[in-house]
Amino acid sequence: MQREDLLVEGMTCSNCALSVTKYLQKQGLQEVKVDPISGAVSFTHSDVYDKDVIKQGIKKLGYQVAEETDQHDHTHATVSGFLNSNKKRFFFCLPFTAVLMLHMLHSWMPMHWLMNPWLQLALCLPVFIVGIWHFGRSAISSLQSGVPNMDVLIALGALASFVYSLTGAVLHLGYDYLFFETTASIITLVFFGNFLEESSIKSTQRSVNELAKSQKVMANMIAFDDEHKEQIFPIENVFLKTGDLLLIKNGEQVPADCKILWGECQVNEAIITGESMPVYKQKKDSLIGGSLIVEGLVKAQVTAAGKDTVLSGILQMVRHAQAEKPPMQKMADKISAIFVPVVVGLAIITFFVNFSFFDKTAGTALMRSIAVLVISCPCAMGLATPAAIAVGLGRGAKKGILYRNASALETFKDIKQVVFDKTGTLTTGDFHISEMHSEGDETEFKKIMYSLEKYSNHPLAKSIVDAFKGNGEIRWAKVEEIKGLGVRAEDAEGNIYEAGSYKLLAEKPEVPHTIYLLKNKKSIGWVNVEDSIREEAKQVIDWLHTKKIKTILLSGDRLEKCKQVAAVLGIDEVIAEQTPEQKLAKIAALNTLMPTAMVGDGINDAPALAKATLGISLSGASHIAMQSADVILLNNGLKKLPESLGLGKHTYITIKENLFWAFAYNIVAIPIASAGLLSPTFSALAMGLSDVVLGLNSVRLFVKKVI
């Protein structure tokens, strides 16, 4: 199975997303995820998948699939043609509707010419045609998909008032039967509301769009002519491929992931990691596409381009996370799915109750039932969660905090304890050898240690490899990693060498050293390696304690070392000398007690990170795709942990506020409309503004203090 990503325009709420989802599922596609905010659609498919058929099917639903070139920009490309946006449709309808509405001034300024039913029909007809063409098609498509959307309500309201008015005009039933201005005002104001809604929703994508803009820049490509002379010419980075040579100057954006071949520079990676301080880079260092050269000049070779770059990976992760449905969204989706049929039923009841029991005229009863149709807003409920999630994910991405799924944002509210790995998490992971001892020749000892540890992924092993390289190397007949203990190898003579913790020793020492070297189960030397505590670790632990969150240190390191770190930082509990399997079991046990977050460096902690209620990985940007965590803090950003927790909790608060407003709005608005206290015109305006309120409330998350 292969994953496909599309960008679909025209979706405005979860009902739209449900329509697209059901259509794609009927086509046999799997793992369908649709985000109505960003328009991101993803699914898995087999080799027989026909993209053109899917595009046409989505178009019949009333939406448009953006072309590949538009997706590189990650912006919503518009469909070419007349009246192709809500803004254009609104301004087209406005003059006709404004003239029709002038009759409201009749008591102050007599306008007998406006009382002519055929003139009113002529003014209303262009608006009605545009409205029914837009809302009617969408309504019919949604009914065919089995998920009626908001356009069903709008189309029914506009159609009912138009047919009623047309009947009154044809049969000369009098002015009391003419509601052409209602038809026009409903359509025009809904277009206006949709236009405002799109504007407010687009602002929720602000941070993600800023990241996306960095994907398309110009590059200075280096080529050679027939005489092998270097030539430099500009090219759009979307045409770059792996292996291309680039010249990147002071003040320019890095066009793609690449490795420096010549030169040195200071790089601002804030767009990727959230860190504003420039980072020094030199020959053989990697540059991340989208970062900015603030000083220097380099020649570099492209290592990844297009969808393979780190920035593209971040954007894909954010979009997939937006398309995930957290528990609160699933609840709102269920309500939205049955909302339209319920409202249609309420509108019918409103008509018959007003007409039969309150002795209202057919026209008055119809206007009240139309007001019920128009003021009801499933969009508000459907957008409550996605709008807040979009802002939360966008703000996080801008700060170097990546949420692998939307549920992670919601899960933060429940976390009662945080478990930390020690090495590379609370400590820097930059080890240095403080002392060593060898039973024999020191050079031979270093040679053996280097030859063994180069096969280990552990940070301690890396420090030894860096320190002891240059002393030669042994070619092993067999080599394997002993999970949680060290590395074992066999030489050509059959001797077994092991490098690892004191647990490899038959007799446990009173004061163990960091790494022992054994030959045929006998110790022939040891190395002590020291690590330093991160500067920000104490501040992070203290912040967690102020929020009454318990802290636990869970490590495979010696108990004495773990206790030292815990004492300095003020960590509540220490669990030391644990293998990866034991860490996994311990996290499972802690999860049963209370919701638990696990913070690790993502190298040896992958199983535990996956098992925790919430796995948080500290990672360099280049390792994004390798992580098992729910949340990734880029640039080894332990100091971003409080903000990630705070952002998660405040996103959840915003979701609750949005849902409260959405439900309260409908609970209050529908009875008011059915009682005749709101005209269809004002109902249409109130419906449009309800979505705008949710968008604006969600946008507050951009500037809201979360810690």
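What follows is calculated from the coordinates using simple rules that are stated; it is not laboratory data. Small disclaimer: the values here were computed from a predicted structure and weren't measured. Glycine also receives a Cβ, built like all others from the backbone with ideal geometry; neighbour counts cover every protein chain displayed.
Brief remarks on what is shown
- Placing unit charges on the Cβ atoms only, positive for Lys and Arg and negative for Asp and Glu, gives segment 216-308 a dipole magnitude near 160 debye about its Cα centre.
- Placing unit charges on the Cβ atoms only, positive for Lys and Arg and negative for Asp and Glu, gives the chain a dipole magnitude near 1860 debye about its Cα centre.
- With only the Cα atoms considered, the chain has a convex hull volume of 210 Å³ per residue.
- Surrounding net charge for Met436, when Lys and Arg each add one and Asp and Glu each subtract one, Cβ distance under 11 Å: -1
- Over segment 216-308, the hull volume per residue, using the convex hull of the C-alpha atoms, is 88 Å³.
- Cα principal axis extents for segment 548-597, largest first, Å: 29, 28, 11
- Pairwise centroid distance, computed over Cα atoms, of segment 160-201 with segment 472-545, Å: 78
- Beta bridge orientation in the chain: antiparallel %, DSSP, nearest 5: 80
- Each label was represented as a point 7 Å from its Cα along the Cα-to-Cβ direction; for Lys547 and Lys469 these points are 3.9 nm apart.
- Dividing the summed -39500 (n - 2.57) terms of all DSSP H runs of n ≥ 4 by the residue count of the chain sets its mean residue ellipticity at 222 nm at -15000 deg cm²/dmol.
- Look at the dipole of the chain built from charges on Cβ: of Leu485, Val298, Phe357, the Cα furthest out on the positive end belongs to Phe357.
- Summarising the label geometry, the points placed 7 Å from Cα in the beta-carbon direction at Ala610 and Gln582 lie 2.2 nm from one another.
- With eigenvalues of the C-alpha gyration tensor scaled by 5 and rooted, segment 432-530, Å: 18, 16, 13
- The slack in the chain from Glu236 to Lys521, taken as 0.36 nm per residue of separation less the alpha-carbon distance, amounts to 96.6 nm.
- Dipole magnitude for segment 485-635: computed about the Cα centre from +1 point charges on Lys and Arg Cβ and -1 point charges on Asp and Glu Cβ, it is near 380 debye.
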